[in-house]
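Contents: one structure, followed by commentary.
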Amino acid sequence: MDRRTAQNWFRAAAVLGHGQAQLTLGRYLRSSVGDELNPEEAREWLERAVARGVVDAQHDSAALSPSPPQSDAECNLGVVAARKTRPCHQ
């Protein structure tokens, strides 16, 4: 089985809530193992795996760079300072 096919199977299992598949899919997306590089989606899957109690996902999620603020409201609440991300647009 090639890695792209494996990624598709991991995605199918991850969507169904399988924590280990969520971890593996996050890793695939983080490092483009399956020919797709998507750090933002990787973060989402890793965070889902963390929520499922997958301990290894905590380290992987923490190793990714912080995500940018999602809205102006987050900027106004000082989330940027807490995340140590790039500044909000003025």
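The values are calculated or read from the model by the stated rules, or taken from the named source; none is laboratory data. Only a predicted model underlies this, so the values are computations on that prediction, with no experimental measurement involved. Neighbour counts run over all protein chains shown; Cβ positions are idealised from the backbone, glycine included.
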In the set 82, 14, the lone residue that is surrounded by fewer than 16 Cβ atoms within 10 Å (Cβ to Cβ) and either of a type in the set (A, V, I, L, M) or modelled with pLDDT of 95 or more (or both) is 82
Restricting attention to segment 35-44, does a residue exist that is modelled with pLDDT under 90, part of a loop (DSSP other than H, G, I, E, B) and of a type in the set (S, T, N, Q)?
no
